[in-house]
Amino acid sequence: MVARRKLSTIKVVVDTSIWISYLLTPLGQISQMVALLFSDERVKFIISQELIDEIISVTERPKHRNKINAARLEGLLAYLHSFAKVKISLAEA
């Protein structure tokens with residue numbers, strides 16, 4: 001019998017610019033990469049409230065406001081709030 005090795009968790013920190021690209025270009029390469037990360041159960045996103053606040057702030061800028069699908073943004077924020085496994089404050093790091 002072959003023993004199965006437990007797969008290691010992959011902790012990922014994604015920069016705000018990547019999240020914005022994901023929101024702006026749903027069919028682009030960045031979105032495809034993020035979708036792969038979402039579908040890999042080994043991946044656990046590391047997120048802070050400061051990063052979520054920055055994503056919101058950037059999406060509210062005039063140059064992005066009308067280009068980002070509100071439902072896609074809400075879905076991303078809900079995902080980050082509910083499934084990100086480690087929530088830290090940058091001040092604590």
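The values are calculated or read from the model by the stated rules, or taken from the named source; none is laboratory data. The structure displayed is predicted, hence computed values, not measured ones. Please note: Cβ atoms are built from the backbone with ideal geometry, for glycine as well, and neighbour counts cover all protein chains shown. Side chains included, ligands, DNA and RNA excluded: accessible areas come from the protein's heavy atoms. Shrake-Rupley method; radii C 1.70, N 1.55, O 1.52, S 1.80 Å.
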Taking Glu41, is it within 18 Å of Ala78 (Cβ to Cβ), open to solvent by 80 Å² or more (accessible area, probe 1.4 Å) and of a type outside the set (Ser, Thr, Tyr)?
no
Given the conditions (1) in a helix (DSSP H, G or I); (2) loosely packed, with under 12 Cβ neighbours inside 10 Å; (3) modelled with pLDDT under 95, and given that Ser57 satisfies all but one, which numbered condition is not satisfied?
(3)
The one condition in (1) surrounded by 16 or more Cβ atoms within 10 Å (Cβ to Cβ); (2) assigned to a helix (DSSP H, G or I); (3) under 10 Å from the mean Cα position of the chain (by Cα) that Val14 fails to fulfil:
(2)
Mind listing whichever residues of region 60-93 are open to solvent by less than 70 Å² (accessible area, probe 1.4 Å), at pLDDT 90 or above and either within 17 Å of Ser17 (Cα to Cα) or touching a Pro at 6+ places or on another chain (Cβ under 8 Å) (or both)?
His64, Ile68, Arg72, Leu73, Leu76, Leu77
